[in-house]
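Notes follow once the structure below has been shown.
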Amino acid sequence: MVLDAAWAVRWLNLCAEAMAEHRVELIELDRAIGDSDHGENMDRGFQAVVAKLDEGAPETPGAAMKLTAMTLMSKVGGAAGPLYGTAFLRAATSLGDSAEIDPGAWAAALAAARDGIVARGKAEPGDKTMVDAWTPAVDAARAAADGGSSDVLAVLVAAAEAAEAGAVATDPLVARKGRASYLGERSAGHRDPGAVSSALILRAAVGAAA
Ligand code: ADP
Ligand code: MG
């Protein structure tokens with residue numbers, strides 16, 4: 001399996017499918033600790049990404065991710081739009097104009113994405129945000145790549161599983177950043193919507209390669 005431009009286009013299309021499929025779930029999660037718009041925002045944003053991709057296929061994975069960044073920044077409102085826009089832009093920059101992504105490059109791109117989210121939103125691990133999905137994903141991808149895995153699918157899977165576990169682990173946390181932080185202790189007992197959408201994005205990356 002090679003992670004090339006065709007893979008990236010499949011990935012982003014699968015992201016759009018996942019956001020449509022999980023739209024109501026994301027709305028419900030954001031209703032509990034936010035303002036109910038996350039599912040709508042993400043669905044609209046990735047539908048716009050698909051429309052852009054349909055206009056012309058990008059030549060590299062980095063180009064596909066840059067197009068995604070620009071589209072999400074302009075179409076997704078709220079906190080998530082700029083955060084995901086920055087994440088995809090930093091990942092695109094990390095990948096440069098390489099035609100294919102190897103395990104080390106995927107780990108580096110995820111780290112760049114996470115660092116971009118942190119630079120923009122100033123959340124730390126444990127603040128009950130999407131950072132709690134991205135940080136374990138970065139660590140797992142790095143460990144899999146450093147462990148000498150030449151199997152890029154295994155690195156994608158490691159990242160997706162860690163993001164999913166990270167999203168589940170936000171349940172008991174008290175939010176310290178974003179809209180959910182207004183609820184204080186009452187934010188505990190709910191899963192962070194942005195951590196869930198982040199895990200969906202990283203799981204779609206596996207689907208596109210499987
Ligand atoms: P809004 O909160 O403006 O309505 P969304 O509902 O689309 O935006 O997105 C909410 C998600 O954004 C949260 O679940 C959280 O994961 C993420 N988020 C909010 N603020 C931050 C931040 N400062 N750093 C990282 N992620 C954040
Ligand atoms: Mg919201």
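In table form, for the structure just shown:
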{"quantity": "Output for the range 96-117, where each listed residue is part of a helix (DSSP H, G or I), small (G, A, S) and in contact (Cβ under 8 Å) with a residue 12 or more places away in the chain", "calculated": "G104, A107, A108, A109, A111, A112, A113, G116"}
{"quantity": "Residues being of a type in the set (D, E) and under 18 Å from the mean Cα position of the chain (by Cα) - total across the range 20-64", "calculated": "6"}
{"quantity": "Selected residue (only one of A113, A87, A108 is surrounded by fewer than 20 Cβ atoms within 10 Å (Cβ to Cβ) and either away from ligand 1 (no atom under 13 Å from the Cβ) or at pLDDT 95 or above (or both))", "calculated": "A108"}
{"quantity": "Any pair with Cβ under 9 angstrom, 6 or more apart, that starts in the range 118-136 at a residue that is over 19 Å from R186 (Cα atoms) and assigned to a helix (DSSP H, G or I) and ends at one that is of a type in the set (K, R) and away from ligand 2 (no atom under 16 Å from the Cβ)", "calculated": "A119/R90; V131/R114; W134/R114; T135/R114"}
{"quantity": "Flag if R142 is within 17 Å of L12 (Cβ to Cβ), charged (D, E, K, R) and buried (at least 20 other Cβ atoms within 10 Å of the Cβ)", "calculated": "no"}
{"quantity": "Residue match in the range 34-42 (condition: more than 9 Å from ligand 1 (Cβ to nearest atom), in contact (Cβ under 8 Å) with a residue 24 or more places away in the chain and not charged (D, E, K, R))", "calculated": "no"}
{"quantity": "Number of positions in the range 26-57 that are more than 14 Å from ligand 2 (Cβ to nearest atom) and part of a helix (DSSP H, G or I)", "calculated": "10"}
{"quantity": "Residue that is in contact with a Leu (Cβ under 8 Å, 6 or more places away or on another chain), in a helix (DSSP H, G or I) and surrounded by 23 or more Cβ atoms within 10 Å (Cβ to Cβ), where the choices are G194, G207", "calculated": "G194"}
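A quick yes/no check of all residues on (1) under 18 Å from the mean Cα position of the chain (by Cα); (2) farther than 18 Å from A87 by Cβ; (3) aliphatic (A, V, I, L, M); (4) more than 11 Å from ligand 1 (Cβ to nearest atom):
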| site | (1), (2), (3), (4) |
| --- | --- |
| G148 | no, yes, no, yes |
| E161 | yes, yes, no, yes |
| A167 | yes, no, yes, no |
| K177 | yes, no, no, no |
| A209 | yes, yes, yes, yes |
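The values are calculated or read from the model by the stated rules, or taken from the named source; none is laboratory data. Here the structure is a predicted model, which means the values were calculated and not measured. Cβ sites come from the backbone with ideal geometry, for glycine too, and all protein chains shown count toward neighbours.
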